[in-house]
Structure formats: C-alpha cells, structure tokens
Amino acid sequence: MVPPMDCEIAPDAIRIKLGEDEYAVLEYHVEGNRIFLDSTYTPDRHRGRGVGGMLMSAAIEYARSNHYSIVPVCPFAIEYFKKHPEYGVMLNKGD
C-alpha cells in the first residue's frame, strides 16, 4: 500500500490536494502508541472516486511506519475497517 504522491502528512492531519484550493483531509491525533482517526472530509464533487480510501491508505501506512495501533473514531474510518478486515491487525484492541 503506497500513499498517493500528492499526500501531505502534518502533525494533526493527512491532506490530499485535489485542486488549486481543494483538499481531502483526515484529521487525527496521537496518544502514546495509538493514532485516533478523528474525522475525514472529501469535497462533494470528489466523492465516490476513492479519495477517502487514499486517505485511509496513507493513515494506515503512517501508523504502520510509526508502530501505532489505530483507533477509528469517525464513521468513515469505522466503515472502512469493517469493509477491509485485512487491516484488523492494525486496530487497537484496548489496553
């Protein structure tokens, strides 16, 4: 799994540039060895094109490379992990 080339990872968000002033954004925060996927946003005209999946791919790769377990909080992230059980090993099972 490779994040998109136009993916920017900031200390609190992952952004994918979609146009001159348009971004898809996954906001997160880290507590200890856990990354909480707090919210996702894709502009309406870009929905249904796999952009949310690209955000999730980038988040999973970021979590993996930093040895974080994932806590999906936003509805999109929760549904993503239900549809992709192969990433279940990345989920935080509780401490």
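See the values below:
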{"item": "Wholly within the chain, strands (runs of 3 or more DSSP E) carrying at least 1 residues that are in contact (Cβ under 8 Å) with a residue 40 or more places away in the chain and among the hydroxyl-bearing types (Ser, Thr, Tyr)", "result": "none"}
{"item": "Number of positions in the range 59-92 that are more than 21 Å from residue 25 (Cβ to Cβ) and either open to solvent by less than 30 Å² (accessible area, probe 1.4 Å) or within 10 Å of the chain's Cα centre (by Cα) (or both)", "result": "2"}
{"item": "Residues being surrounded by 22 or more Cβ atoms within 10 Å (Cβ to Cβ) and touching a Lys or Arg at 6+ places or on another chain (Cβ under 9 Å) - total across the range 23-38", "result": "2"}
{"item": "Residue in the range 10-20 that is under 18 Å from residue 81 (Cα atoms) and open to solvent by 80 Å² or more (accessible area, probe 1.4 Å) present", "result": "no"}
{"item": "Single residue of the range 59-92 satisfying the filter (of a type in the set (Gly, Ala, Ser) and at pLDDT 95 or above) that is farthest from residue 15 (Cα to Cα)", "result": "69"}
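The values are calculated or read from the model by the stated rules, or taken from the named source; none is laboratory data. Fair warning: this is a prediction, and the values are worked out from it, not measured in the lab. Because the Cβ atoms are built from the backbone with ideal geometry, glycine has one as well, and the counts that use them run over all protein chains shown. Quick note on the areas: whole protein, heavy atoms, side chains included, nothing else; ligands and nucleic acids left out. Shrake-Rupley method; radii C 1.70, N 1.55, O 1.52, S 1.80 Å.
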